[in-house]
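Input: a single structure, listed below in structure tokens.
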Amino acid sequence: MERTIILWGTGERARQFLERGYFKACRIYGFVDTYSKNESFLGYRVYAPEDLKEILKEADALVIANQYFGEILEACIEMGLEWEKIVLTDHVREPICYKRFLKLAEFSQELFLSLQDRVMRLVKVNESDQKDADRLIGNDAYGAPVYMEDYFRFRTFEFAAREIKKQRTEGAIAELGVFRGTFSSLMNATFPDKKLYLFDTFEGFGQEEAEQEIRMGRCSENFVSAHKATSVARMLSNLPHPENCVVCKGFFPETVTQEASQEKYAFVSLDVDFEESTYQGLKFFYPRLSEGGMLFLHDYNTFYLDGVKLAVDRFEKESGVTLKKTPLADRAGTLVILK
Ligand SMILES: C[S@@+](CC[C@H](N)C(=O)[O-])C[C@H]1O[C@@H](n2cnc3c(N)ncnc32)[C@H](O)[C@@H]1O
């Protein structure tokens, strides 16, 4: 379906977006600018901000193509514009702005990818991490490169694994929510002698659960469809020791085998993004974690995927267990649960 957009900005940035064909899949309604005296820009009409309330009714999004996005957002709020339609082309750390940035993927995949790559590389956390920061370890669901620069996540995993080995914590390791195996490949490389259970549909999220999460505004349709692009063969080709892996393909917890349910686990990565699946993962794995074992729950403190935190609350309430939680300040707000 062709989407109609309005761009705020008639400067160099807006010009480049159009000339590079970033919005070629969209219909351009026109431009908006505060100071522009031009009546047209690149052949499109330029409107004044006061017109926006009216013209935005006929468009799917207002894309802010201007470096003063903070002030523009404030102006949009003052004008009472439809907040859901505002899309940013700058990455900013504030939760609300980050959500707007993610929304860009629905309107321009090319622009989103190029900006995301740049943005990710700008977020350098620690100078001593510089060397690893440039190490490419995989691609995310949108095809954007994943660098080792998510310092806290990867370093914490490295140190956690060291403790687990030192204490000889018993058990297998597992990941629920494997996708293409980016994190599983690190787990497999770090624990070459442990059996690694890999739970995923390898075809994307469960349809019913995904529809519900979209309805609740916790993720976009794009996010869901991007996660369909994987397969068992593709994932296994990323693992250094595939011979130690047990692939449990299908919708969890239906895929739990007797073997998996009789195991103890020394380390578990739980990364299924949605509420019900996260809850099912906690319910299955937590009782099977060894003393001293750890579970990394991805996306606990993120700006979206709100179901993850709700699943933890529900698990604690229903099981009567108070989890020992250490939240990480990594990119996706991982929660480390120690038993
Ligand atoms: C964000 S991705 C995982 C990313 C992965 N940990 C990595 O390192 O790249 C989430 C994955 O969870 C899977 N998933 C979500 N709910 C599931 C369920 N109930 N059963 C099986 N797989 C599920 C999806 O298919 C998707 O591949």
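Working only within the range 287-318, note down all residues that are out of contact with any helix residue (DSSP H, G or I) (no Cβ under 7 Å at 6 or more places or on another chain) and acidic (D, E). The answer is E291, D306, D313, E316, E318. Of everything in the range 224-234 that is open to solvent by 50 Å² or more (accessible area, probe 1.4 Å) and of a type in the set (G, A, S), the residue that is farthest from G206 (Cα to Cα) is A233.
Please determine whether any residue of the range 5-20 is open to solvent by 20 Å² or more (accessible area, probe 1.4 Å) and of a type in the set (A, V, I, L, M, F, W, C). Within the range 5-20, one or more residues are open to solvent by 20 Å² or more (accessible area, probe 1.4 Å) and of a type in the set (A, V, I, L, M, F, W, C). Taking the criterion of being more than 7 Å from the ligand (Cβ to nearest atom) and of a type in the set (S, T, Y), the residues of the range 176-231 that qualify are S185, T190, Y197, S220, S225, S231. Of the strands (runs of 3 or more DSSP E) entirely within the range 235-339, those holding at least 1 residues that are farther than 22 Å from F159 by Cα and either open to solvent by 40 Å² or more (accessible area, probe 1.4 Å) or modelled with pLDDT under 95 (or both) occupy 245-249. Looking only at the range 22-41, residues that are farther than 19 Å from R3 by Cα and either modelled with pLDDT of 95 or more or surrounded by 14 or more Cβ atoms within 10 Å (Cβ to Cβ) (or both) come to 4 in all.
Counting the residues of the range 300-339 that are in contact with a Gly (Cβ under 7 Å, 6 or more places away or on another chain) and closer than 17 Å to F267 by Cα gives 2.
Within the range 206-217, residues that are closer than 12 Å to S277 by Cα reach partners that are within 10 Å of the ligand (Cβ to nearest atom) and part of a helix (DSSP H, G or I) with beta carbons closer than 7 Å, at six or more positions or on different chains, in the pairs E209/E276; E209/S277; A210/V224.
Beta carbons closer than 6 Å, at least 6 apart along the sequence or on distinct chains, never pair a first residue in the range 151-164 that is farther than 14 Å from I337 by Cα and in the same structural domain as K325 (by TED's automatic domain parsing) with a second that is among the hydroxyl-bearing types (S, T, Y) and at pLDDT 85 or above.
Summed over the range 227-260, residues that are among the basic types (K, R) and in contact (Cβ under 8 Å) with a residue 40 or more places away in the chain total 2. For the range 200-223, taking the residues that are closer than 20 Å to G181 by Cα and modelled with pLDDT of 90 or more, the one that is surrounded by the fewest Cβ atoms within 10 Å (Cβ to Cβ) is identified as E203.
The values are calculated or read from the model by the stated rules, or taken from the named source; none is laboratory data. Note that the structure is predicted; figures quoted are calculated from it, not measured. Cβ sites come from the backbone with ideal geometry, for glycine too, and all protein chains shown count toward neighbours. Note: areas computed on protein heavy atoms with side chains; ligands, DNA, RNA excluded. Shrake-Rupley method; radii C 1.70, N 1.55, O 1.52, S 1.80 Å.
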